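Inspection log for the structure reproduced underneath, given as structure tokens.
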Amino acid sequence: MKTYREIFKWGDKREEQIDLNMIRVIKENFGYSDKDFENKHLSGKSEIKNIAASKFDENTQNVFISIVGSENFYIDDFSRANFAYGKYYLDLLRLRKMLIPTPPDAVLCPRNNDEIEKIIAYCSENNIPIIPVGGQSSVTQGTETRKGGLVLDLTKHLNTIVSLNTINQTVTVQAGMFGPAFEQELNLAGYTCGHFPQSFEYSTVGGWVAAKGAGQASTGYGKIEDMVLTLKVLTPAGLIENKPFPKSAQAWDIFPLFFGSEGTLGVICEITMKIRKFRPQNTRYASFIFKDFESAVAAMRDTMQSGIGLPHLFRISDPVETDIAFKTKGFDNTFSDKVLKSLGYKQGKRVLMFVSAEGHWTYTKTVISRIRKKANKFHALYLGKKPTRQWLKQRYTSAYLRDPLMDAGIMTDTIETAVMWDDLVNLRQAVVNYVEKRPQTVLMIHISHVYENGANLYFTFLSPMKKEQEIEDYVQFHHGLVETIVQNKGSLSHHHGIGRTLAPWMEKVLGINSMNVLKAVKNHFDPNHIMNPGGTLGI
Ligand SMILES: Cc1cc2nc3c(=O)[nH]c(=O)nc-3n(C[C@H](O)[C@H](O)[C@H](O)COP(=O)(O)OP(=O)(O)OC[C@H]3O[C@@H](n4cnc5c(N)ncnc54)[C@H](O)[C@@H]3O)c2cc1C
């Protein structure tokens, strides 16, 4: 039996348990008792059947089958339900509530670029929406099929490395390749892709580019747009393909238009990326505890602005996230914790920092030793390598907890932004003030992508759902969060992208003139607005 739960479950499909330390935190914060964990709230365990019928008539179906073959054409209820949403909190809620009003009319798995070209041509002529998807890990409703249409699943066939150039140190890869397979092949050849989003296991190279993502080592390796040299994109207006150059001055570049295009301009088929030498034996780690958030931020800024070399992982957790980490790892109230407290690293104030540096051994040695000096300057205590290494072990799996938390009736979501250094502390405080107005809400904040001129702020919030009004309650709360971020000089997103969730704020944030440029670009590449309609630009 195929269920809704099968669709929304993130990560490893085995059921994840909330461990006892986390249960203790939940009980403390939300007044829960054991009884609250007994039954799954909106479990989604019903069978998927009788969802809205496909609008494709027999003739249309036959056209698509003639292009991709019947084995790559799916029109059954489960397949269409499976591709109706991404992994945004609201997507999961709607699946738990068995709400799929606008499933795609069919799902296609093209085998090559020629087939994609034919599909685009037919859909343009017949005004059929196309939603290109990779891992469907979008957390901004980027893959929602609000107008039905055709989902192009690129992961089944377009998932290999096309070529590796060790002289230029580049790789050309098909868009539908998932992170682990990509990285494994690169590692075997002695390289790394350097891009490790928390969704790494279930997202694709094409999705990284289309959503303009950032990985956990982005402070050293850069965001995805810093890594890409060429793209091959099939659009309704034709093929756009650029040649690789280390840099050029051939007027302005067109291919960066596709970073963050979220499927609204065309299908990204191939990507040529920079790669780096894979030398895990040289990676060095360090962890610190700071007395407060402000001094940890100051140490980060000082590190980034003083030219001592870049760490790769560079992350701080605010006092709430730090305290919860201490509790969930069973560290609070241990002897070591008491020592920390006696040294002035107080609960409710202290801040954890995790650092790693990759590359040549002389580089990693220097960077880590200089960061230790910087941390010392800001009165931090060095905690050794272990906490960072432990954090890295659960770098992807910590997100698996979202489903069991939702089973326990807990709203759990994240939102993130980029902000200049001089506005960062104010912005954080504004969000804290906003969230404090909602009773029984835990807000954890971290910084994990750091630059010379500013950083990202990443907010994770947990709060009991308002039963029977789960969706309305969330939408209202989330709206206020976005408003608070925008009003306090944060960007709409640093790496999750815009999708349908944040599209309504685009004009306000960019201004009408910039928005008109984006719309003109859209009108050029996709005059009939068939590419992911209603996404990013709202058209
Ligand atoms: C638990 C979790 C953790 C996450 N952590 C991170 C993180 O650390 N960093 C980060 O950057 N993001 C993160 N994300 C968000 C998401 O994983 C990224 O946006 C990722 O890059 C999306 O890749 P995907 O292959 O899943 O793309 P999808 O979700 O399938 O698609 C995303 C968007 O890109 C479009 N698209 C996909 N492939 C193509 C293509 N080939 N051509 C044209 N358009 C295309 C889609 O139409 C959609 O609009 C996280 C998500 C989850 C669920």
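The values are calculated or read from the model by the stated rules, or taken from the named source; none is laboratory data. Because the structure is predicted, anything quoted here is derived from the model rather than measured. Ideal geometry is used to build each Cβ from the backbone, glycine not excepted, and the neighbour counts take in all protein chains shown.
Here is a yes/no grid of residues against (1) over 30 Å from I447 (Cα atoms); (2) more than 16 Å from the ligand (Cβ to nearest atom); (3) outside the structural domain of T364 (by TED's automatic domain parsing); (4) among the hydroxyl-bearing types (S, T, Y):
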{"residue": "F196", "(1), (2), (3), (4)": "no, no, yes, no"}
{"residue": "F200", "(1), (2), (3), (4)": "no, no, yes, no"}
{"residue": "Q216", "(1), (2), (3), (4)": "no, no, yes, no"}
{"residue": "K223", "(1), (2), (3), (4)": "no, no, yes, no"}
{"residue": "D226", "(1), (2), (3), (4)": "no, no, yes, no"}
{"residue": "L229", "(1), (2), (3), (4)": "no, yes, yes, no"}
{"residue": "A237", "(1), (2), (3), (4)": "yes, no, yes, no"}
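Among the residues of region 54-70, what is the count of those that are in contact (Cβ under 8 Å) with a residue 40 or more places away in the chain and of a type in the set (D, E, K, R)?
1
Taking strands (runs of 3 or more DSSP E) that do not extend beyond region 222-312, which have at least 2 residues that are over 27 Å from G207 (Cβ atoms)?
Correct list: 284-290.
For region 450-537, list the helices (runs of 4 or more DSSP H) that sit wholly inside it and hold at least 2 residues that are surrounded by 22 or more Cβ atoms within 10 Å (Cβ to Cβ) and in contact with a Ser or Thr (Cβ under 8 Å, 6 or more places away or on another chain); which are they?
Counting at least 2 such residues, we get 499-502.
Would you be able to say whether some residue in region 79-93 is within 28 Å of L462 (Cβ to Cβ), more than 9 Å from the ligand (Cβ to nearest atom) and among the aromatic types (F, W, Y)?
Within region 79-93 (the criterion being within 28 Å of L462 (Cβ to Cβ), more than 9 Å from the ligand (Cβ to nearest atom) and among the aromatic types (F, W, Y)), the answer is yes, since at least one residue qualifies.
I'd like to check something: does region 318-338 contain any residue that is in contact (Cβ under 8 Å) with a residue 24 or more places away in the chain, touching a strand residue (DSSP E or B) at 6+ places or on another chain (Cβ under 7 Å) and either in a strand (DSSP E or B) or among the charged types (D, E, K, R) (or both)?
Scanning region 318-338, I find at least one residue that is in contact (Cβ under 8 Å) with a residue 24 or more places away in the chain, touching a strand residue (DSSP E or B) at 6+ places or on another chain (Cβ under 7 Å) and either in a strand (DSSP E or B) or among the charged types (D, E, K, R) (or both), so the answer is yes.
State which residue is farthest from the chain's Cα centre (by Cα) when the search covers only region 202-214 and only residues that are within 6 Å of the ligand (Cβ to nearest atom) and of a type outside the set (F, W, Y).
Top of the filtered list is G206.
When you look at N50, is it touching a Gly at 6+ places or on another chain (Cβ under 6 Å) and not hydroxyl-bearing (S, T, Y), yes or no?
no
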